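Notes to accompany the following structure.
The values are calculated or read from the model by the stated rules, or taken from the named source; none is laboratory data. Source: prediction; values computed, not measured. Here the Cβ is made from the backbone with ideal geometry for all residues, glycine too, and neighbour counts use every protein chain on show. When the accessible area is computed, the model is the full protein with side chains, heavy atoms only, and any ligands, DNA or RNA have been set aside. Shrake-Rupley method; radii C 1.70, N 1.55, O 1.52, S 1.80 Å.
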Amino acid sequence: MSKLQLPSLLSYSRSIQPSVAYFYARKNDNSLMPIDVITESLRATFGDHKSANGNKTSEDLAAGNIHKIDSAYLQSGSKSLVVKFSLKFMNNSFIPDNSNDTSFSDILNEFIQNYKNLNGFEHLAKLYVTNVVTGKFLWRNKNQSKSLSIKVSTAAGDFNFEYELENESQFLVDNNSQIEELSSIVAKGLSGESGTVILNITSEQPMCDGEEVFPSQEFIDSSENSKKDRTLSSIIYDGNKRQAIFHSSKIGNAIRTIDTWFENSDGRAIAVEPLGIDRIKNIAIRHKTKRDIFTLLEKNLVSFNDELQSIKSLSEISDHDIHFMAACLIRGGLFSGNSKKK
């Protein structure tokens with residue numbers, strides 16, 4: 001097996017560019033109103049291990065734990081949660097954004113061209129689109145309702161999906177033709193057969209006024225001495241109001257949750273990341289199994305190219321980390337190796 005050496009400079013721009021996602025409440029009169037982030041002062045209880053085994057007396061623990069947190073709720077007179085964002089799909093996976101090794105870049109370009117020729121972008125596009133139309137991007141908000149309505153607007157027209165959470169398999173069967181058509185549009189953006197493809201996405205799910213929703217959370221460095229125990233992500237509007245949002249990175253992570261190719265996945269997907277971070281098990285699973293992108297680029301790129309050139313369809317692929325490698329180039333990032341010694 002031929003082993004390559006990673007260039008000391010190798011990076012790709014991302015091919016999937018999400019916007020932030022805005023949270024709205026649909027009122028009973030069908031108007032939309034931004035969902036505000038508010039700060040609450042709560043008298044909660046102590047319930048952590050540190051408190052149980054610390055120096056506080058039983059009386060101290062019963063006195064309560066006063067803290068401030070951000071929260072977001074549907075306003076009075078609301079009937080549903082609406083989330084809006086956009087997704088751009090571009091063809092940045094063919095040529096590195098930066099590279100100081102032309103020979104290595106040429107081999108990578110040959111790989112992605114071979115993958116394209118076997119309709120690999122159509123395969124990945126369908127996985128991305130499936131995450132869109134099933135509301136993966138809503139995270140824990142998705143399970144607040146039994147059904148979702150998702151509208152995807154493109155330059156070629158609108159696609160509308162009605163999704164019952166208890167029947168996802170049947171939903172995917174019933175909507176396969178729409179999913180295939182939308183996937184074809186996305187694939188053309190990723191492969192360069194068209195210009196940049198933009199999807200404008202709106203999800204809506206029935207909820208009651210006063211129900212809590214869950215936007216992104218800011219991770220505040222302890223050195224910043226924040227006076228709040230939880231800070232939610234928001235964008236300022238109308239002077240000093242804070243509209244709840246998802247970070248673009250959280251949207252992107254959801255769309256990229258297609259990696260079922262890691263060892264012993266049992267069909268469970270994790271987000272496409274260079275080291276294969278499994279958040280449920282709290283481990284960099286691909287790093288542990290030596291199937292991370294850096295190892296694959298050095299040890300398997302040549303053999304992956306050979307395999308792609310020897311087969312006639314994707315169904316003949318024997319090493320499914322070929323899909324992972326292509327998805328990593330679409331994800332973009334810094335794939336540099338160590339600097340070469342002089």
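Quick rundown of the values:
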| item | result |
| --- | --- |
| Tally, over the range 197-223, of residues that are more than 18 Å from SER248 (Cβ to Cβ), in a loop (DSSP other than H, G, I, E, B) and open to solvent by 40 Å² or more (accessible area, probe 1.4 Å) | 6 |
| Every residue from the range 260-319 that is of a type in the set (Gly, Ala, Ser), buried (at least 16 other Cβ atoms within 10 Å of the Cβ) and more than 25 Å from PHE104 (Cα to Cα) | ALA269, ALA271 |
| Selection count where residues are closer than 30 Å to MET207 by Cβ and touching a helix residue (DSSP H, G or I) at 6+ places or on another chain (Cβ under 6 Å), scope the range 90-130 | 3 |
| Within the range 304-342, tally of residues that are farther than 20 Å from PHE121 by Cα, of a type in the set (Gly, Ala, Ser) and over 26 Å from the mean Cα position of the chain (by Cα) | 1 |
| Criterion (within 30 Å of VAL302 (Cβ to Cβ), open to solvent by less than 70 Å² (accessible area, probe 1.4 Å), within 18 Å of the chain's Cα centre (by Cα) and of a type in the set (Phe, Trp, Tyr)) met by exactly one of PHE121, PHE111, PHE94, PHE137 | PHE121 |
| Qualifying residue in the range 169-187 (condition: open to solvent by 60 Å² or more (accessible area, probe 1.4 Å), touching a Lys or Arg at 6+ places or on another chain (Cβ under 9 Å) and over 19 Å from PRO18 (Cβ atoms)) | yes |
| Entirely in the range 245-342, the helices (runs of 4 or more DSSP H) that have 2 or more residues that are of a type in the set (S, T, N, Q) | 248-255, 301-310 |
| Residues satisfying the stated conditions in the range 239-251, i.e. out of contact with any Leu (no Cβ under 9 Å at 6 or more places or on another chain) and either aliphatic (A, V, I, L, M) or crowded, with 20+ Cβ neighbours inside 10 Å (or both) | GLN243 |
| Top-ranked residue of the range 1-21 - restricted to ones that are of a type in the set (A, V, I, L, M) and part of a strand (DSSP E or B), ranked as nearest to ALA327 (Cα to Cα) | ILE16 |
| Filter pass, ARG14 being touching a residue at least 60 places away in the same chain (Cβ under 8 Å) and either of a type in the set (Lys, Arg) or open to solvent by 60 Å² or more (accessible area, probe 1.4 Å) (or both) | yes |
| Tally, over the range 158-168, of residues that are open to solvent by less than 10 Å² (accessible area, probe 1.4 Å) and either assigned to a helix (DSSP H, G or I) or out of contact with any Lys or Arg (no Cβ under 9 Å at 6 or more places or on another chain) (or both) | 1 |
| Residues of the range 256-275 classified as within 18 Å of TYR12 (Cβ to Cβ), out of contact with any Leu (no Cβ under 7 Å at 6 or more places or on another chain) and in contact (Cβ under 8 Å) with a residue 24 or more places away in the chain, total | 5 |
| Residues within the range 163-211 that are among the acidic types (Asp, Glu) and under 22 Å from the mean Cα position of the chain (by Cα), tallied | 5 |
| Conditions (1) surrounded by 12 or more Cβ atoms within 10 Å (Cβ to Cβ); (2) free of Cβ contacts under 8 Å to residues at least 40 places away in the same chain; (3) within 34 Å of the chain's Cα centre (by Cα): number failed by LYS56 | (3) |
| Boolean, HIS287 is within 18 Å of LEU124 (Cβ to Cβ) and not charged (D, E, K, R) | no |
